[in-house]
Structures are given as structure tokens and as C-alpha cells.
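Since the structure comes first, as C-alpha cells, the remarks are kept for the end.
Nothing in this text is a laboratory measurement; each read-out follows from the coordinates by a stated rule. None of the values given here were measured: they were computed from a predicted structure. Glycine also receives a Cβ, built like all others from the backbone with ideal geometry; neighbour counts cover every protein chain displayed.
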Amino acid sequence: DAKTTQPPSMDCAEGRAANLPCNHSTISGNEYVYWYRQIHSQGPQYIIHGLKNNETNEMASLIITEDRKSSTLILPHATLRDTAVYYCIALSGGSYIPTFGRGTSLIVHP
Amino acid sequence: EADIYQTPRYLVIGTGKKITLECSQTMGHDKMYWYQQDPGMELHLIHYSYGVNSTEKGDLSSESTVSRIRTEHFPLTLESARPSHTSQYLCASRGQNNQPQHFGDGTRLSIL
């Protein structure tokens, strides 16, 4: 599975959009990009995933560049409850072993 | 929303005890995983399973063992707990194709 690179930390003002980048320059054609977040001591929570088209759900939007070498998770109106560690993972459907890196620690401030 | 359950949520126990951490999922997922995570640190895969009667060790060496006798159940056992086993243990499952993993709330284990 492709290695992903994320900034270690970011901050965002409450009510503003939070844009979290992820680099996956070695991603292969059958690998999806998944985003999860982990709030304090809870288990990671699935947010969204995509292959090459942009995706949107009730939690977030996922923008994948045309060459698929990077992506951005967008939280359109960040709240204090969005403070968490966000993980980006590139994984093929047939792969059994999702690997989590350090992720990005997002702090949403008032 | 996925249904995956871990018990106990918290466990404080003395050295030398045998411990079993339970993980169950009701989605019929064939793949299941155990991760270990220390506070503020990465998740490290310690065990995974492709399906019934299949278990594999993960990237991080662990003294724990697992079993997969039923699809929905993936317990983790420590035969003799030590303080070095103090950590959070997270269980996850994943369905077919490109479905995402779903995680339980974890077990916080403290060995005195």
C-alpha cells in the first residue's frame, strides 16, 4: 500500500473550513484513499473514502487531485468537536492490512 | 453505522493474571484486526484474521494470542499480564472490496 504523508498538526478557527492535506505520490491505480479521525481516547472513526472522483457526505468532502498523488479532506464548518487526529490511508480493496501513521492533529479553536 | 463491540472498556489488574479482551461484530465481516496504541502514539497492528480459523501476527511483536473460531468473534488473550502490556487495545473489522474498517471503542488495560 502507498505511503502517505500528512502535516503533524494544524489549527482552524471554529466555523471556518478545515482543509487537511495528504500526500500519496506512490499510490497505485487500484488504491483508494480513506480518511479516519480519532477523538481523544476513542477508536478511530471512518469519515470518507474515494478512488479518483471527489466525494462528499454529511461529515466532509474529499478532493483528490487528477494525478491522484494527493488529496484534501475538507470539513466545511469546523466545530470544537472536530478537534481530533485525522488519518489518511491509501489501501487497495484486496489488501488486508490498513496501516496508520501519525496523522494530523487538528485543533479547532474558538 | 457499524456494530463492533469491545469489552471490557477499562481493566486494571495485577501482574501475572490471565486476561481475555473480547471483540465482537455483527456485520458478518471476514477481516478483523487488533491494534495496540499508547497515549499520543500511532496505532500498531498486532494481529489480524482473514476469516474463521485464520490468524496472523501484525507488524508489532506482541505476547498476546488471538483466535477466530466464529466469524463474529475475535478475542485477544494475554496468558500472564505484565506492566509492559499496559496500553489501549483497539479492535476493527472490514468487509469486502473497498469497504472501510470499523473500530470498536477500545479497551484501556492497566497492569499493576
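A few points about this structure:
- Annotation for residue B:17 and residue B:110: the two label points, set 7 Å from Cα along the Cα-Cβ direction, are 1.2 nm apart.
- With at most 12 neighbouring Cβ atoms within 10 Å, loop trypsin sites (Lys or Arg not before Pro) (DSSP) excluded, longest segment of chain B: B:19-112
- Proximal lysines to residue B:18, defined as alpha-carbon separation beneath 24 angstrom and excluding residues fewer than eight positions away on the same chain: B:57
- 3J(HN,Hα) from dihedral phi, segment B:55-68, Karplus parametrisation 6.51/-1.76/1.60, rounded to Hz, x for glycine, proline: 9, 9, 7, x, 6, 9, 5, 9, 7, 7, 10, 9, 9, 9
- With a cut-off of 13 Å on the backbone N, the residues of segment B:84-102 near the modelled label site 7 Å out from residue B:60 along Cα-Cβ are B:84-91.
- Built amide H within the under 5 Å cut-off of residue A:32, gap 5+: A:91, A:92, A:93
- Point-charge dipole on Cβ atoms (K/R +1, D/E -1) for chain A, about Cα centre, debye to 20: 160 debye
- R0 of 25 Å, Cβ-Cβ distance residue A:57-residue B:71: FRET efficiency to nearest 0.05: 0.35
- Of the GluC sites (Glu not before Pro) in segment A:22-110, those whose Cβ has at most 14 other Cβ within 10 Å and which sit in DSSP loop: A:58, A:66
- Segment B:5-26 versus segment A:30-89: alpha-carbon centroid distance in Å: 30 Å
- Label sites at residue B:82 and residue A:74, each approximated as a point 7 angstrom past Cα along Cα to Cβ, lie 5.1 nm apart.
- Only lysines eight or more places from residue A:52 in sequence, or on another chain, were considered; those with a Cα closer than 28 Å are A:3, A:69, B:31.
- Once the GluC sites (Glu not before Pro) in DSSP loops with at most 14 neighbouring Cβ atoms within 10 Å are cut out of chain B, the longest remaining piece is B:2-62.
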